[in-house]
Structures are given as structure tokens and as C-alpha cells.
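Please read the structure below before turning to the comments.
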């Protein structure tokens, strides 16, 4: 092996640049879409922007640490990550530290800081699956009993918050990671209808979630109730036209579009920057995901390859779910747009994931360690 490949290389510049650009876009859009809300509740137009900027700085520090920290060392932390995740999720369900917002208890407030354990669960499960699926030869169903047993209580606790969107994203990500093993395709063909019918009955038995289905199928019939968010998102895109009405001029973010600076921020991009702005944003995400898969494919180490594949798949699935929700292609779920939506836990954990991908890119030419 050449001397050049015997030591870490520079991190992938394309991934680093695109991720940085998306974070910058996110900060601008959080400022634009949250300023009126921030003024009404805090007498400061920049309140939420400053908070997001602070989290972006924390995320940058965490990302730099992840770039330096060798990815293969994460193996030793996979079990600890699962334990921490379970403890935090149990605190959300059974402690007084839980913070309830709009009927959902998804956050913990400890020592003045608010964290969302489900965001930590995403990374910890990817690490655990990457470790277990590469440590043991996976060919039969019994070979995946351990990771599935670990995943089940975590998904149950997240679903109970309730957070069906994150539950689906994590389930799909772990399923995609299992596709990279030697499991027979028959297992997946069997799992699809089983999970599909189970999900249908869970949703049908929950009035709140079933109303979201009705609001998605007949948004204009439920324009003042279940379909309100979809209708206002459509109006935002329609108002934006080709080039948008200009930054800071969104009318939908003045209390008409729910979650305008979090889950539906892409609709504000469409209103202020039009089809051009949404196309540029989508192109950046496509480059981000494509580069993540490229880095994963180039990695010679099975653990690094599957870890990078899992992280990239998680980002791709979450981006796809959010964009489908905002454009009315799927029912409404509480899923943020990675690197753009307001939210400290989501931003920091996502930037850590990008840092891990960048670290993998530094070692991609080196053999298994």
C-alpha cells in the first residue's frame, strides 16, 4: 500500500461544501419564517434565529470532532448509545422532565437544555445495526434477532410519544440496512404486507392519526381542520410561482401555515424563492445523498461502508418524507427537513452524522482495521 493511502486523507470537499451551504440556507429560512412568531412571543424578531445559530455552532464543533474521531472507534460506543437512548426515551415516557408540545411529549428539559431523544435514537440504532450486521454473518432470520430485539422497544417508545413519522423513518432505515446483508429477499417480501396491515390497523384505531389520513385524501374538504396544513402549503407554493415573492415576504409564515419554521419550512422556501429556489434546494439534497453513497461505496471496511450507507439512507428517507408531506404526496407527519428546519437536537445530530461521513471519506482508501 502506498504511503498516501496509509494515513487519513482530507475529508470529502463536495460533501462538506454542500452540507455547509444547506445549513446556511436553513439559518436564513429560519430567520425569515420565524421572525413574526418570535416577536409575538419574545419581543425579538431574531430570538429563534439566535437559538438556531447557537445550535449550528454547537453542531459545527461536534461535526469537527466527528471528522477527527476515527469512525471505527464508534463500534465500542454502539452498545452505550443504545443504553443512553433507552434511558432518555423512558424519561420522556415516565418522568417529570418530559416537555409536551401540542399533545406530543418528545422532548426532555434537563438543566435548562431541551433535547429530543428520538434524534439520538436514529444515530444509536444505525451504529448498533452497522456493528452487529458486520460482526456476525447474516444469512437467516435468527441472525437478526438481536438487532430487531434491541430496535423494538426503542420504536415502541418513540411511537408512544406519539411520533409515528420518526418511527417510520427509523424502521425504513434499518430495513434498508438489512437489505445490504445476505438475507433472502423472501423475508422482506413477507415483512412488507405484515408491517403494512399492522400500520393500517394502528392508524385506523387512532382518531388523531386517521384524521390526518382524511386530511391528506380530501384536503380541501377539510380545509379548516385536518387538511389545513396541506392546503396552506399548496397555497404557499402557488403564490411563489417561478421565482418567488422575495425573502422575508412570506404571508403564510404569518400564522397561516402551521410549523412554518420547522416541518413545513420547505413551503416557505417555495413561496419566497419559487420553483427556482425549491429546485436548487432539492438539487443540493440530491448531491448530499449521492455523495454520501459514493463515500460509503468507496470504503473498504464493511463496518464503515454499512455505517455510511445507513447514515445516508436515514438522511435520504427523512428528506423524502418531509418533502412528500409538504407537497401533499403523503399524509402529514411531524418530520423536520434535515439541516434546514428549526430544532437544536435535529441540527446537531445531523451535523454529527455528516461529520461521520466525512471521517469515513478520510479512511475510505484504507483496508479493514
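Read-outs throughout are calculated quantities, based only on the coordinates presented, and are distinct from any laboratory measurement. These figures come from a predicted structure and were not determined experimentally. Don't worry about glycine lacking a Cβ; one is built from the backbone with ideal geometry, like all the others, and counts go over all protein chains shown.
In angstrom, the C-alpha Rg and Dmax of segment 264-313 are 14.9, 44. Taking the 0 to 90 degree range and rounding to the nearest ten, how far is the long axis of helix 164-179 tilted relative to the main principal axis of the chain, both from C-alpha atoms? Result, in degrees: 30. Fully extending the segment from residue 329 to residue 42, taken as 0.36 nm per residue of separation minus the present Cα-Cα distance, adds 99.8 nm. In plain terms, the residue of 297, 362 with the fewest other Cβ atoms within 10 Å comes first and the most crowded comes last, giving 297, 362.
In whole percents, the pair-distance distribution calculated for segment 9-61 from its alpha-carbon pairs, binned every 5 Å from zero, is 5, 20, 22, 20, 13, 9, 5, 4, 2, 1. Label point 7 Å out from residue 140 along Cα-to-Cβ: which residues of segment 174-200 have amide N under 16 Å? It comes to 182-187, nothing else. Can you tell me the orientation of helix 117-135 relative to the chain, as the angle in degrees between its alpha-carbon axis and the longest Cα principal axis, to the nearest 10? Result, in degrees: 20.
The order of 33, 198, going from fewest to most other C-beta atoms within 10 Å of their C-beta, is 198, 33. Put simply, when 126-133, 104-111 are sorted by average Cβ atoms within 10 angstrom per residue, most first, you get 126-133, 104-111. Can you give the FRET efficiency to the nearest 0.05 for residue 149 and residue 100, using r as the Cβ-Cβ distance and R₀ = 25 Å? Efficiency for this residue pair is about 0.25. Length gained on full extension, residue 160 to residue 282: 40.7 nm, using 0.36 nm per residue less the C-alpha separation.
In whole angstrom, note down how far apart the Cα centers of segment 194-241 and segment 169-187 are. Taking the Cα centre of segment 169-187 as reference, the centre of segment 194-241 is 28 Å away.
Computed on segment 260-369, with alpha-carbon pairs under 8 angstrom and 6+ residues apart, the relative contact order is 36 percent. In the chain, the DSSP-assigned H stretches of four residues or longer account for a calculated mean residue ellipticity at 222 nm of -22500 deg cm²/dmol, using -39500 (n - 2.57) per stretch and the full residue count as denominator. Put in line by how crowded their Cβ is, counting other Cβ atoms within 10 Å and starting with the fewest, 95, 345, 313 read 95, 345, 313. Note on residue 21 and residue 298: their simple-model spin labels are 1.8 nm apart, each label 7 Å out from Cα toward Cβ.
With only Cα atoms counted, segment 201-314 has Rg and Dmax values of 18.6, 54 Å. Protection proxy ranking, highest mean first, for peptides 171-181, 215-225: 171-181, 215-225, where packing is the per-residue count of other beta-carbon atoms within 10 Å, averaged. Between segment 115-157 and segment 294-363, the C-alpha centres lie 17 angstrom from each other. So for the pair residue 208, residue 249, with labels modelled 7 Å out along Cα→Cβ, what separation do we get in nm? My value for the distance between the label points is 3.8 nm. Working from Cα positions, state the angle (0 to 90°, nearest 10) between the long axis of helix 207-217 and the longest principal axis of the chain. Taking the Cα atoms of the chain, the angle to 207-217 is about 80 degrees.
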